[in-house]
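The block underneath contains the structure these notes are about, expressed in structure tokens.
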Amino acid sequence: RIAIARAISVKPSLIVADEAVSKLDVSVRAQVLNLLNRMNRETGAGLIFITHDIGEGIAMSDRVLVLSQRPGTVKAIHDIDLGDATDPGALRRSSAFNEYFDTIWRQLDGHAQAAA
């Protein structure tokens, strides 16, 4: 939370959050994700959210980029539209969320098989 406060205190036009919540427990993670969402809406600052958690990426984003293995190139771009829902539980139960998740998973699965 301190790092987020420090980042927004200078009123940036863009914030890059690289694995910002990966080491947090579930309840603190939810609080920080809500804070990032609220900050994004209130300040209008762009937010690049880097994560390995597909569900987190879908729930936090209006666009998800799937990257290839090294050298990293953009493999796919998904414009995310989950309606007006903001509750993480409701988002994850929606059919649209599941469709995005399955599509992105398949794109990453080919990745995993090639690396194995």
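Observations on the model:
- Residues that are at pLDDT 90 or above, open to solvent by 100 Å² or more (accessible area, probe 1.4 Å) and either in a loop (DSSP other than H, G, I, E, B) or touching a helix residue (DSSP H, G or I) at 6+ places or on another chain (Cβ under 8 Å) (or both) within segment 61-106 comprise 81, 105, listed in sequence order.
- Condition check for residue 50: aliphatic (A, V, I, L, M) and surrounded by 12 or more Cβ atoms within 10 Å (Cβ to Cβ): yes
- Inter-residue pairs, beta-carbon under 9 Å, first among the acidic types (Asp, Glu) and in segment 75-100, second in a loop (DSSP other than H, G, I, E, B) and modelled with pLDDT of 80 or more, 6+ apart: 79/62; 81/62
- Residue in segment 5-23 that is closer than 26 Å to residue 106 by Cα, within 17 Å of the chain's Cα centre (by Cα) and without any contact (Cβ under 8 Å) to a residue 24 or more places away in the chain present: yes
- Count of residues meeting criterion [open to solvent by less than 50 Å² (accessible area, probe 1.4 Å) and either part of a helix (DSSP H, G or I) or more than 22 Å from residue 89 (Cβ to Cβ) (or both)] in segment 18-30: 2
The values are calculated or read from the model by the stated rules, or taken from the named source; none is laboratory data. All values derive from a computational prediction rather than experimental measurement. Cβ sites come from the backbone with ideal geometry, for glycine too, and all protein chains shown count toward neighbours. Only protein heavy atoms, including side chains, enter the accessible area calculation; ligands, DNA and RNA are left aside. Shrake-Rupley method; radii C 1.70, N 1.55, O 1.52, S 1.80 Å.
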